[in-house]
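Enquirer: Here you go, one structure.
The values are calculated or read from the model by the stated rules, or taken from the named source; none is laboratory data. In this text the structure is predicted, and so the values were computed from the model without any measurement. We place every Cβ from the backbone using ideal geometry, glycine too, and count neighbours over all the protein chains shown. These accessible areas exclude ligands, DNA and RNA; they are computed on the full protein's heavy atoms, side chains included. Shrake-Rupley method; radii C 1.70, N 1.55, O 1.52, S 1.80 Å.
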Amino acid sequence: MRIAMISMHTSPLQQPGTGDSGGMNVYVLSTAKELAKQGVEVDIYTRATRPSQGEIVNVAPNLRVINIVAGPYEGLAKEELPTQLAAFAGGMLVFTRREKIEYDLIHSHYWLSGQVGWLMRDMWRIPLVHTAHTLAAVKNYYRDDTDTPESEARRICEQQLVDNADVLAVNTQEELQDLVHHYDANPEHISVVSPGADVTLYNPGNDRATERSRRELGIPLHTKVVAFVGRLQPFKGPQVLIRAVAELFRRDPNRNLRVIICGGPSGQNASPDTYRNLAVELGVEKRIRFLDPRPPAELVSVYRAADIVAVPSFNESFGLVAMEAQASGTPVVAARVGGLPIAVAEGETGLLVDGHDPALWADTLATLLDDDETRIRMGEDAVEHAQAFSWFATAAQLSSLYNEVIANDSVDGQTRFGAAGGV
């Protein structure tokens, strides 16, 4: 089997946690690596952002990243990328014709890639599987009042993909319901494929590993630590955590607590100082340490160093940070939104919070911070919970889905594409 994955707006090789790089990058690269191990040939097409990358990056046996030149290397915001859809599709055609490559299926990620995938599907006469990762209608429904709304143009493009993709692959049953409710999707055309975590890399280690992690990060060994990992944008909710921490110290100025916020600014008009300034405004700047995004091999130290990982997002299709934290032996306090109630086993591996009221978040964090026995037990149970979610299992589900879609396409392809003429 040979698969063309499309991740136009962000390369799977980019460091997650800043700009447009996040959980989707982890998903695309992790599933592609596992598919490649299982014998599937995978080419991931992405937009070239610097000339030094080279056209082809051989990542692993059976896995390549193809950098397509579409627009200037730098200075092109994600909001401007729709102007480069034709150039990107044209670049894919030039590459495949030159290399004489044929694929069995396309898997597009995010709506920009989906628009390209929709065109290539009909030109190559092969099926299209699309994964949205996030949806405009859902983001607008859940967004904070301070966050920039997604455009109607994006929502329309997503509707087109819902109506035209052969299969929509989603992370959770709730995401399936979102597609049905907001986009009138046909449930029979949707397949739930659970994401995973690198449970080999993300593991709790031992007591020495935890101590070493804290020493590396310059955190006192006998303090409680709450960590946030992700892009710094209102939709991910770092402001909720900062305000909750300020409330905790208002109630108890002597609380022995430190906070780690690991990530980079993301979104329009994003500034690295936005959340630092908020911490200063609330008087907790000395209690919060901001870290730049880190590669997985270093990120595991952040998870291990924390007593709790907070995920105050306004929506998550699944919640990879929550799963990585649990695999590392750290319980999670998360918003009860999107796929987080699936990623976190409430009362067993963490706690869920209704809404984003900082006072309620302070209550929930305090409950777990002040109950050492429960928190430690949850951390131990979290490791076992995370073992059920692995990228190997995700790739196996995808491979099975691909085979099913290809088999069905070979049966009804004559009807969909016409006997001998054009689409």
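Enquirer: Report the extension gain between ASP207 and PHE249 in nm, rounded to one decimal, defined as 0.36 nm multiplied by the number of residues separating them, less their alpha carbon distance.
Expert: On the way: separation 42, 0.36 × 42 = 15.12 nm, distance 2.83 nm.
Computed gain between ASP207 and PHE249 is 12.3 nm.
Enquirer: Let me know the charge dipole size of the stretch 208-388 about its Cα centre in debye, to the nearest 20, where only the beta-carbon of Lys, Arg (+1) and Asp, Glu (-1) is charged. Don't jump to the answer; show the numbers that get you there.
Expert: Values: 21 positive and 24 negative charges, 142 e Å.
Approximately 680 debye in magnitude.
Enquirer: Using the heavy atoms of the protein chains alone and a 1.4 angstrom probe, what is the accessible area of the stretch 208-388 per residue in square angstrom?
Expert: On a per-residue basis, 40 Å².
Enquirer: Going 7 Å from the Cα of ALA396 in the Cα-to-Cβ direction, what parts of the stretch 320-339 have a backbone nitrogen less than 15 Å from that spot?
Expert: none
Enquirer: As a test, work out the antiparallel percent of DSSP beta bridges whose residues both lie in the chain, rounded to the nearest 5.
Expert: Close to 10 percent.
Enquirer: Could you tell me the distance between the Cα centroids of the stretch 146-190 and the stretch 298-319, to the nearest Å?
Expert: 26 Å
Enquirer: Could you pull out which residues in the stretch 90-130 have an amide N less than 15 Å from a spot 7 Å beyond the Cα of ASP163, following the Cα-Cβ vector?
Expert: Inside the label zone: 115, 118-119.
Enquirer: Rounded, prolate or oblate: which fits the stretch 9-105, taking a ≥ b ≥ c as square roots of the Cα gyration tensor eigenvalues, rounded meaning a/c under 1.5, else prolate when a/b beats b/c?
Expert: Working: a/c = 1.92, a/b = 1.18, b/c = 1.63.
The shape class here is oblate.
Enquirer: Pick out, from GLY196, ILE56, SER313, the residue whose Cα sits farthest towards the positive end of the charge dipole of the chain, with +1 on the Cβ of Lys and Arg and -1 on the Cβ of Asp and Glu.
Expert: In the chain, that residue is ILE56.
Enquirer: Calculate, in nm to one decimal, what ARG50 and TYR141 gain on full extension: separation in residues at 0.36 nm each, minus their alpha carbon distance.
Expert: On the way: separation 91, 0.36 × 91 = 32.76 nm, distance 3.56 nm.
Full extension from ARG50 to TYR141 adds 29.2 nm.
Enquirer: For the chain, compute Rh as the Kirkwood radius over C-alpha pairs and then the Stokes-Einstein diffusion coefficient at 4 °C and 1.567 mPa s; write the answer in µm²/s, rounded to an integer. Write down the numbers at each step before the final one.
Expert: Numbers: Rh = 22.3 Å.
Approximately 58 µm²/s, per Stokes-Einstein.
Enquirer: Taking all protein chains in place and a 1.4 Å probe, what share, in percent, of the accessible surface of the chain do carbon and sulfur account for? Walk me through the numbers on the way to the answer.
Expert: Working: 8690 of 17980 Å².
The value for the chain is 48 percent carbon and sulfur by accessible area.
Enquirer: For a test of the definition: using alpha carbon positions, the gyration tensor, and the 1.5 limit on a/c, classify the stretch 142-256 as rounded, prolate or oblate. Each step should come with its number before you reach the end.
Expert: Numbers: a/c = 3.49, a/b = 1.78, b/c = 1.96.
Note, shape of the stretch 142-256 comes out oblate.
Enquirer: Let me ask another. Mind putting a number on the dipole of the chain about its Cα centre? Charges go on the C-beta only, +1 for Lys and Arg and -1 for Asp and Glu, and I need it in Debye to the nearest 20.
Expert: Numbers: 38 positive and 54 negative charges, 273 e Å.
Charge dipole of the chain: 1300 debye, to the nearest 20.
Enquirer: Rounded to the nearest 500 deg cm²/dmol, what is the calculated helix-only ellipticity per residue at 222 nm for the chain, with -39500 (n - 2.57) per DSSP H run of length n ≥ 4? Working shown, then result.
Expert: On the way: 15 runs with 185 residues, N = 423.
Result for the chain: -13500 deg cm²/dmol, rounded to the nearest 500.
Enquirer: Could you give the nm distance between label points at ASN256 and ALA60, where each point is 7 Å from its Cα heading toward the beta carbon?
Expert: Taking the two extended label points, one gets 4.2 nm.
Enquirer: So, one more: Determine, at each q value in 0.08, 0.09, 0.11 (inverse angstroms), the log₁₀ of I(q)/I(0) that the Debye formula gives when each Cα of the stretch 208-388 is one equal point scatterer.
Expert: Log10 I(q)/I(0), no solvent term: -0.21, -0.27, -0.40.
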